Amino acid sequence: MSYERGLEFIDALERLPDLVAEALRADEAIKRIAERYQDANTFLYLGRQYNFPVALEGALKLKEISYIHAEGYPAAEMKHGPIALVDRSTPSVFLIPQGAVYEKVLLNVEEIKARKGPVIAIASPGDERVRELADDVIEIPAVPEFLQPIVAAVPLQLLAYHIAVLRGCDVDKPRNLAKSVTVE
């Protein structure tokens, strides 16, 4: 890595608290989206590269606090199973900020839309291509790809939180979960 590139990374890391605060500003919009999907029985979470682990985390949080079945899956492998679950009542949450695999993830979104599946997209600001395809869009600030997971996790956690609250779940005491810091 060049010295200049290293400085860019440091600058991006220093801006991270402000970027997370910016992502939190979507809370009201996320709450409205949660109202639309609170009765879904299954969710799919899809991401590629850096955003695949975020898809796993989003699905996990939804399961843990709302008791809805959710699967995180690599978008590149969507045709190997998850696509069979797609229908009008199964939302797919796509992590699709601008980056190296953006075009490929757009193709995955098109596959879901062709099967009449609702799409919630976590996307870069002002992304009109995603807006044309997705039913709902949650914008996250533009960040270097290596920081996308941190910023993209914020709306996924808020979505899980709002859905759980709307379903009457106690988000502070999820059932059947032991605190890993006190139980080994």
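The values are calculated or read from the model by the stated rules, or taken from the named source; none is laboratory data. Predicted, not measured: the structure shown is a model, and the values here were computed from it. Counting neighbours? That spans all protein chains shown, and the Cβs are built from the backbone with ideal geometry, glycine included. Please note that ligands, DNA and RNA were not included when accessible areas were found on the heavy atoms of the full protein model with its side chains. Shrake-Rupley method; radii C 1.70, N 1.55, O 1.52, S 1.80 Å.
A few notes on this one:
- Looking across region 127-143, the residues that are at pLDDT 95 or above and either part of a helix (DSSP H, G or I) or open to solvent by 50 Å² or more (accessible area, probe 1.4 Å) (or both) come down to 128, 129, 130, 131, 132, 133, 135, 139.
- Counted residues, region 84-98 - those being within 18 Å of residue 56 (Cβ to Cβ) and open to solvent by less than 60 Å² (accessible area, probe 1.4 Å): 8
- Those helices (runs of 4 or more DSSP H) of region 1-79 in which at least 1 residues are among the basic types (Lys, Arg) and modelled with pLDDT of 95 or more, considering only elements entirely within it, cover 27-37, 52-66.
- Candidates 71, 103, filtered to the one that is among the acidic types (Asp, Glu) and either under 15 Å from residue 133 (Cβ atoms) or loosely packed, with under 14 Cβ neighbours inside 10 Å (or both): 103
Conditions tested, residue by residue: (1) within 22 Å of residue 53 (Cβ to Cβ); (2) among the aromatic types (Phe, Trp, Tyr); (3) in contact with a Ser or Thr (Cβ under 9 Å, 6 or more places away or on another chain); (4) not in a loop (DSSP other than H, G, I, E, B).
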residue: 107; (1), (2), (3), (4): yes, no, no, yes
residue: 120; (1), (2), (3), (4): yes, no, yes, yes
residue: 146; (1), (2), (3), (4): yes, yes, no, yes
residue: 149; (1), (2), (3), (4): yes, no, no, yes
residue: 172; (1), (2), (3), (4): no, no, no, no
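- Residues of region 37-62 that are open to solvent by 60 Å² or more (accessible area, probe 1.4 Å) and either under 13 Å from residue 121 (Cβ atoms) or among the aliphatic types (A, V, I, L, M) (or both): 56, 60.
- Only one entry of 178, 152 meets the criterion of being modelled with pLDDT of 95 or more and among the small types (Gly, Ala, Ser), and that entry is 152.
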